[in-house]
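Presented below is the structure to which this report refers.
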Amino acid sequence: MKKGFFIKTLGCKVNQVESVFIGEALGSAGFFPSSPEEASLLILNSCVVTEKAEAECRKILKKWAKLPARYLVLAGCYSQRFAKEAKAWAEKQGIKNLLILGHQEKLKLPEILKKLEQTHSPKFPVVMVGKLPEKGPCEVLLLKSFPSHSRAFVKVQDGCNRFCSYCIVPFTRGAPRSVPPELVLKQIELFVQAGYEEFVITGIHLGKWGKDLSPRQKLINLLEAIEKLLSSFKKTFHLRLSSIEVKELDKELLDFFKSSKFIVPHFHIPLQSGSNRILKLMGRDYTREEYLVILKRLHDIFPSATFGADVMVGFPTETEEDFEETYKLISNSPLNWLHIFSFSPRPGTKAWDMKPKVNPEEIKKRYQALKRLFVKKRKEFLENQKGKVVSAVLEKSSNKGWKALSENYITLYVKGLPENPELKGKLVKVKLVEITEELHFISYPV
Ligand code: SF4
């Protein structure tokens with residue numbers, strides 16, 4: 001077969017790491033990246049976190065089915081959770097060249113293709129979806145580089161067993177499994193050698209890191225080891241956590257953040273709802289009061305940080321009063337970045353059957369109200385940042401200057417730097433000067 005491949009990744013940072021691994025594995029087997037039109041292998045590393053994401057996967061596959069590729073691959077969360085449904089759908093659509101691969105199988109794509117090429121008239125769609133392991137360690141995905149990214153994502157953990165009532169992830173990703181610390185450190189070393197200066201510690205449920213290892217460990221142990229390693233290079237780096245649950249932000253971790261030379265002032269702490277009644281129905285293990293206390297502690301340490309949160313509107317039974325509680329909590333808190341979701345019923349979860357469901361028009365209204373609040377809070381935050389000097393990682397040179405991401409998660413355009421592509425991924429100190437309409441900052445090197 002011809003060896004051009006194209007990978008499309010949907011969903012989380014963990015999926016992005018896994019796509020890079022698939023790309024490297026294919027590269028070692030003689031494949032090369034190509035456009036979708038010319039590729040003989042089209043891979044969709046899928047996401048089913050919402051109905052919308054699921055529909056997007058089918059839309060992409062339908063579009064790809066019209067291209068001349070030899071194989072289409074549906075990999076990841078869609079296959080892991082809905083293999084049977086995906087098979088029936090592909091048959092109905094007349095898609096004759098589809099491979100449906102689970103999480104473990106997608107990592108062995110080159111071997112699977114080799115076998116397939118040797119099989120006399122294989123039966124499509126080919127379904128290869130195994131059970132996910134129930135305990136760690138997590139499979140090793142050592143990457144040499146993180147192509148087309150200016151920041152390197154380091155996968156340290158997979159899986160979750162919290163079973164929040166709306167969330168399909170425990171069914172698609174399985175039980176929590178940790179990457180052993182020595183391999184995390186090895187990965188960071190490889191990325192440092194490849195020239196990266198920002199590392200994003202990534203997992204499905206980061207706070208679960210280490211609990212399945214023997215001896216049992218905690219996320220703080222891993223972060224301290226990373227801090228020690230980074231210190232040994234005698235350079236400046238950014239160390240960012242992708243997301244952390246509020247209950248996992250204990251005193252030890254806050255003390256570590258305070259003393260760390262590398263942790264950046266950006267924290268993403270899922271909120272989901274500001275109503276204690278809804279939080280309970282969601283199966284979250286904190287109250288609005290507890291959330292606010294921790295957030296305030298962090299804000300006292302990092303007054304210029306971006307504090308982000310996932311927030312869901314329209315969870316079954318959510319009343320106007322429940323929503324008001326969410327709205328007020330966000331209004332009166334240091335939160336200044338929101339990832340707003342509309343409730344999406346996911347098969348197999350507890351919330352699937354919960355009633356009454358909120359009227360879709362009402363959900364839209366609540367979504368829009370939060371979006372407006374987000375813009376207002378973000379503007380206020382940015383106004384406060386004017387004139388400050390921050391460290392930022394350079395992402396892409398453009399006609400507006402170098403696009404960059406500040407330590408405190410502000411998108412910037414840095415003026416006055418050369419276009420040299422080798423600057424990509426490097427850290428620079430800049431002064432925040434002017435806010436644009438898109439809520440970015442025009443900035444200048446200092
Ligand atoms: S903690 Fe809850 S929301 Fe997060 S991945 Fe686990 S089940 Fe899903």
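Would it be correct to say that Pro215 is out of contact with any helix residue (DSSP H, G or I) (no Cβ under 7 Å at 6 or more places or on another chain), without any contact (Cβ under 8 Å) to a residue 12 or more places away in the chain and within 12 Å of the ligand (Cβ to nearest atom)? No; evaluated as a whole, the condition is false for this residue. Scanning the range 163-193 for residues that are of a type in the set (Val, Ile, Thr), assigned to a loop (DSSP other than H, G, I, E, B) and within 11 Å of the ligand (Cβ to nearest atom) yields a count of 1.
Contact map, the range 281-305: first residue closer than 19 Å to Tyr409 by Cβ and modelled with pLDDT of 95 or more, second residue within 16 Å of the ligand (Cβ to nearest atom) and in a helix (DSSP H, G or I), Cβ cut-off under 8 Å, separation 6 or more or different chains; pairs are Ile294/Val246; Leu295/Val246. Do any strands (runs of 3 or more DSSP E) entirely within the range 37-107 hold 2 or more residues that are in contact (Cβ under 8 Å) with a residue 60 or more places away in the chain and under 23 Å from the mean Cα position of the chain (by Cα), and if so, which? Those strands (runs of 3 or more DSSP E) span 41-46.
Screening Ile112 against (1) more than 16 Å from the ligand (Cβ to nearest atom); (2) at pLDDT 95 or above; (3) closer than 24 Å to Leu241 by Cβ leaves a single unmet condition, (3). Filtered by the rule that a residue be buried (at least 18 other Cβ atoms within 10 Å of the Cβ) and either under 30 Å from Arg372 (Cα atoms) or among the acidic types (Asp, Glu) (or both), the range 417-441 gives Val430, Leu432, Phe441. Within the range 147-162, the residues that satisfy the criterion of being within 15 Å of Gly207 (Cα to Cα) and either assigned to a loop (DSSP other than H, G, I, E, B) or assigned by TED's automatic domain parsing to the domain that holds Cys77 (or both) are Val156, Gly159, Cys160, Asn161, Arg162. Taking the criterion of being within 20 Å of Val17 (Cα to Cα) and within 16 Å of the ligand (Cβ to nearest atom), the residues of the range 137-162 that qualify are Cys138, Lys155, Val156, Gln157, Asp158, Gly159, Cys160.
In the set (1) away from the ligand (no atom under 13 Å from the Cβ); (2) not in a loop (DSSP other than H, G, I, E, B), the condition left unmet by Gly210 is number (2). Just wondering, is there one or more residues in the range 112-129 that are surrounded by 20 or more Cβ atoms within 10 Å (Cβ to Cβ), within 16 Å of the chain's Cα centre (by Cα) and farther than 23 Å from Glu85 by Cβ? No: zero hits. Across the range 332-369, the number of residues qualifying as surrounded by 13 or more Cβ atoms within 10 Å (Cβ to Cβ) and either polar (S, T, N, Q) or not assigned by TED's automatic domain parsing to the domain that holds Val313 (or both) comes to 5. The requirement of being within 16 Å of the ligand (Cβ to nearest atom) and part of a helix (DSSP H, G or I) is not satisfied by Lys228. Consider the range 245-267 and keep the residues that are under 13 Å from Glu227 (Cα atoms), of a type in the set (A, V, I, L, M, F, W, C) and part of a loop (DSSP other than H, G, I, E, B). The one that is farthest from the ligand (Cβ to nearest atom) is Phe262. Residue count for the range 401-414 satisfying the condition of being touching a Lys or Arg at 6+ places or on another chain (Cβ under 8 Å) and of a type outside the set (Val, Ile, Thr): 6. Within the range 117-124, one or more residues are more than 18 Å from Ala175 (Cα to Cα), assigned to a helix (DSSP H, G or I) and either of a type in the set (Val, Ile, Thr) or in contact (Cβ under 8 Å) with a residue 24 or more places away in the chain (or both). Restricting attention to the range 268-293, the residues that are within 16 Å of the ligand (Cβ to nearest atom) and not in a loop (DSSP other than H, G, I, E, B) total 9. Looking across the range 331-361, just one residue is within 30 Å of Gln385 (Cα to Cα) and either among the basic types (Lys, Arg) or in a helix (DSSP H, G or I) (or both), and that is Ser331.
Listed here are the residues, each with its yes/no results for (1) hydroxyl-bearing (Ser, Thr, Tyr); (2) crowded, with 16+ Cβ neighbours inside 10 Å; (3) not assigned by TED's automatic domain parsing to the domain that holds Ile244.
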position: Thr9; (1), (2), (3): yes, yes, yes
position: Ala25; (1), (2), (3): no, yes, yes
position: Ser28; (1), (2), (3): yes, no, yes
position: Ser40; (1), (2), (3): yes, yes, yes
position: Ile43; (1), (2), (3): no, yes, yes
position: Lys59; (1), (2), (3): no, no, yes
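The values are calculated or read from the model by the stated rules, or taken from the named source; none is laboratory data. Given the structure is predicted, the values throughout are model-derived calculations rather than measurements. Cβ: placed from backbone, ideal geometry, glycine included. Neighbour counts: every protein chain shown.
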